[in-house]
Amino acid sequence: MTTMTPNTTTTATMPGRADETGQTTPRGRPRSPQAHKAVLDAAAELLLDQGLTAVSMDAVAKRAGVSKATIYRWWPTKETLALDALYTEWDTTPTHPRDTGSLRGDLLALLRPWARRAGTRPYARVIAALLTEVHTDPAFAAEYRQRVVEPRREQARTVLHRAIDRGEIPADTNIEVALDLLYGPLYHRLLHGHAPLGDRFVTDVVDMALRGIQPPADASPKHTDNPRRTRSR
């Protein structure tokens with residue numbers, strides 16, 4: 001499992017002083033990469049095997065072989081620790097989405113690996129528990145969107161903007177609505193579990209969404225050398 005140091009803008013990183021490069025360094029003893037990985041591994045195991053209620057600081061500390069004080073230096077609550085564990089578990093997609101030469105190919109290359117990963121373990125139960133916190137804790141909600149929701153959407157934005165540059169879709173495409181058309185069905189099936197979240201379903205979602213996003217075959221999208229890229233409104 002690939003681990004990733006929490007973003008310095010999240011609550012998982014404690015404030016400190018800026019060094020000569022302007023970067024903020026955590027207070028206290030330097031983070032041990034081995035201990036950090038052990039904590040995330042332990043939290044992920046508890047989270048996926050037993051659910052969010054099992055991710056207590058005591059249980060994680062015992063399984064990881066570290067002190068609770070060590071965990072609290074990096075994660076102020078079990079929810080932020082669980083969020084980082086989930087983020088690390090899902091951190092399998094390249095930062096720059098694959099360029100296959102077509103919008104359809106790019107979307108399939110982006111979404112299929114995510115769907116396969118999501119179906120390997122009980123991620124739906126984890127997401128459902130975290131969403132409960134999202135709707136009761138505004139600060140946690142902001143962090144959840146930053147760490148779980150926004151990275152996926154930004155990758156898909158890159159794919160859609162690339163399609164605009166190619167002239168595959170109109171320059172005034174509402175990118176944010178297009179993202180909801182793509183990710184909405186995937187999360188719906190993941191959370192409700194009423195049918196498999198497989199490659200065939202991902203392909204059907206992409207094809208149906210593209211019928212609404214792409215112009216008709218007899219219409220040519222406006223293509224400019226520097227198309228206007230529509231962001232969220």
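The values are calculated or read from the model by the stated rules, or taken from the named source; none is laboratory data. Since this is a predicted model, take the numbers as computed values, not measurements. Note: ideal-geometry Cβ built from the backbone for every residue, glycine included; neighbour counts use all protein chains shown. Accessible surface areas use protein heavy atoms only, side chains included; no ligands, DNA or RNA. Shrake-Rupley method; radii C 1.70, N 1.55, O 1.52, S 1.80 Å.
Every residue, every condition in (1) among the small types (Gly, Ala, Ser); (2) within 17 Å of the chain's Cα centre (by Cα), yes or no:
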{"site": "TYR144", "(1), (2)": "no, yes"}
{"site": "ARG157", "(1), (2)": "no, yes"}
{"site": "LEU179", "(1), (2)": "no, yes"}
{"site": "GLY184", "(1), (2)": "yes, yes"}
{"site": "ALA195", "(1), (2)": "yes, no"}
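Check off (1) crowded, with 18+ Cβ neighbours inside 10 Å; (2) within 30 Å of ARG121 (Cα to Cα); (3) touching a residue at least 24 places away in the same chain (Cβ under 8 Å) for ARG189 and give me the number that stays unchecked.
Failed condition: (3).
Give the number of residues within region 104-119 that are open to solvent by 50 Å² or more (accessible area, probe 1.4 Å) and under 16 Å from the mean Cα position of the chain (by Cα). Don't jump to the end; show me each part of the working.
Filtering region 104-119 down to residues open to solvent by 50 Å² or more (accessible area, probe 1.4 Å) leaves 104, 112-113, 116-117, 119.
Now restrict to residues that are under 16 Å from the mean Cα position of the chain (by Cα): 112-113, 116-117, 119.
Residues flagged as open to solvent by 50 Å² or more (accessible area, probe 1.4 Å) and under 16 Å from the mean Cα position of the chain (by Cα) within region 104-119 amount to 5.
Please verify whether region 148-157 includes one or more residues that are in a helix (DSSP H, G or I), among the aliphatic types (A, V, I, L, M) and either farther than 28 Å from GLN34 by Cα or open to solvent by 30 Å² or more (accessible area, probe 1.4 Å) (or both). Working first, answer last.
Our first condition is that a residue be in a helix (DSSP H, G or I); within region 148-157, this holds for 148-157.
Still in the list and also among the aliphatic types (A, V, I, L, M): 148-149, 156.
Filter again for either farther than 28 Å from GLN34 by Cα or open to solvent by 30 Å² or more (accessible area, probe 1.4 Å) (or both), leaving 149, 156.
Looking through region 148-157, at least one residue is in a helix (DSSP H, G or I), among the aliphatic types (A, V, I, L, M) and either farther than 28 Å from GLN34 by Cα or open to solvent by 30 Å² or more (accessible area, probe 1.4 Å) (or both).
Consider ALA69 carefully, then state whether it is small (Gly, Ala, Ser), modelled with pLDDT of 90 or more and buried (at least 17 other Cβ atoms within 10 Å of the Cβ).
On the way: small (Gly, Ala, Ser): yes; modelled with pLDDT of 90 or more: yes; buried (at least 17 other Cβ atoms within 10 Å of the Cβ): no.
Spelling it out, it is not the case that ALA69 is small (Gly, Ala, Ser), modelled with pLDDT of 90 or more and buried (at least 17 other Cβ atoms within 10 Å of the Cβ).
Residues in region 159-173: is at least one within 23 Å of GLY193 (Cα to Cα), open to solvent by less than 10 Å² (accessible area, probe 1.4 Å) and in a helix (DSSP H, G or I)?
Our first condition is that a residue be within 23 Å of GLY193 (Cα to Cα); within region 159-173, this holds for none.
So far as region 159-173 goes, no, none of its residues is within 23 Å of GLY193 (Cα to Cα), open to solvent by less than 10 Å² (accessible area, probe 1.4 Å) and in a helix (DSSP H, G or I).
Touching a residue at least 40 places away in the same chain (Cβ under 8 Å) and closer than 16 Å to THR203 by Cα: is that true of ARG121 in this structure?
Details: touching a residue at least 40 places away in the same chain (Cβ under 8 Å): yes; closer than 16 Å to THR203 by Cα: no.
Judged against the criteria, ARG121 is not a match.
Looking only at region 130-147, filter to residues that are in contact (Cβ under 8 Å) with a residue 40 or more places away in the chain and surrounded by 18 or more Cβ atoms within 10 Å (Cβ to Cβ); which one of those is nearest to THR77 (Cα to Cα)?
PHE140
This table checks each residue for (1) within 19 Å of PRO113 (Cβ to Cβ); (2) touching a Pro at 6+ places or on another chain (Cβ under 7 Å); (3) β-branched (Val, Ile, Thr); (4) at pLDDT 90 or above.
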| position | (1), (2), (3), (4) |
| --- | --- |
| VAL159 | yes, yes, yes, yes |
| HIS194 | no, no, no, yes |
| VAL202 | yes, no, yes, yes |
| PRO221 | no, yes, no, no |
